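Read the structure below first, then the notes.
Bear in mind these aren't lab numbers, they're just calculated from the coordinates by the rules spelled out. Treat the numbers as computed from the prediction; the structure is a model and nothing was measured. Counting neighbours? That spans all protein chains shown, and the Cβs are built from the backbone with ideal geometry, glycine included.
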Amino acid sequence: MTPGVVMEIGRQAIQVAMVLAAPILLTALTVGLIVSVFQAATQINESTLQFVPKLISMFVVILVFGPWMLQYMVDFIQRLFGSIPQLIG
């Protein structure tokens, strides 16, 4: 196994991690921005007002995108395990 192959596997793993984390992180970012604008407009400075909507929205995203995320990860792992004979030989 050459260093280039190892780097390619690492690159693919990082790409999978980014694709899987993107829906959750983008949701948290969007909800946080909306709540911050609401807090600035109403001058309500409650820290739990920031935390609870993010937590609920991230839970909903995991429920909605969870099966797709799991299938994406399983596909990557199957491709990785399937390529082991070529990597060893």
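When the stretch 1-17 is filtered for residues that are loosely packed, with under 11 Cβ neighbours inside 10 Å and closer than 24 Å to Trp68 by Cα, the ones remaining, listed by number, are Gly10, Arg11, Ile14.
Exactly one residue out of Phe65, Phe59 is over 12 Å from the mean Cα position of the chain (by Cα), aromatic (Phe, Trp, Tyr) and surrounded by 11 or more Cβ atoms within 10 Å (Cβ to Cβ), and it is Phe59. Count of the stretch 18-46 residues, restricted to those that are assigned to a helix (DSSP H, G or I) and farther than 21 Å from Ser57 by Cβ, is 0. If the condition is being of a type in the set (Phe, Trp, Tyr) and loosely packed, with under 12 Cβ neighbours inside 10 Å, then the stretch 23-39 contributes no residue at all.
Of all the listed residues (Leu20, Leu80, Leu70, Leu49), the sole one being in contact (Cβ under 8 Å) with a residue 60 or more places away in the chain and either exposed (fewer than 12 other Cβ atoms within 10 Å of the Cβ) or not aromatic (Phe, Trp, Tyr) (or both) is Leu80.
In the condition set (1) without any contact (Cβ under 8 Å) to a residue 24 or more places away in the chain; (2) at negative phi, Gln43 is compliant with all but (2).
Scoring Val74 on the criteria (1) part of a helix (DSSP H, G or I); (2) over 30 Å from Met1 (Cβ atoms); (3) hydrophobic (A, V, I, L, M, F, W, C) leaves a single failure, condition (2).
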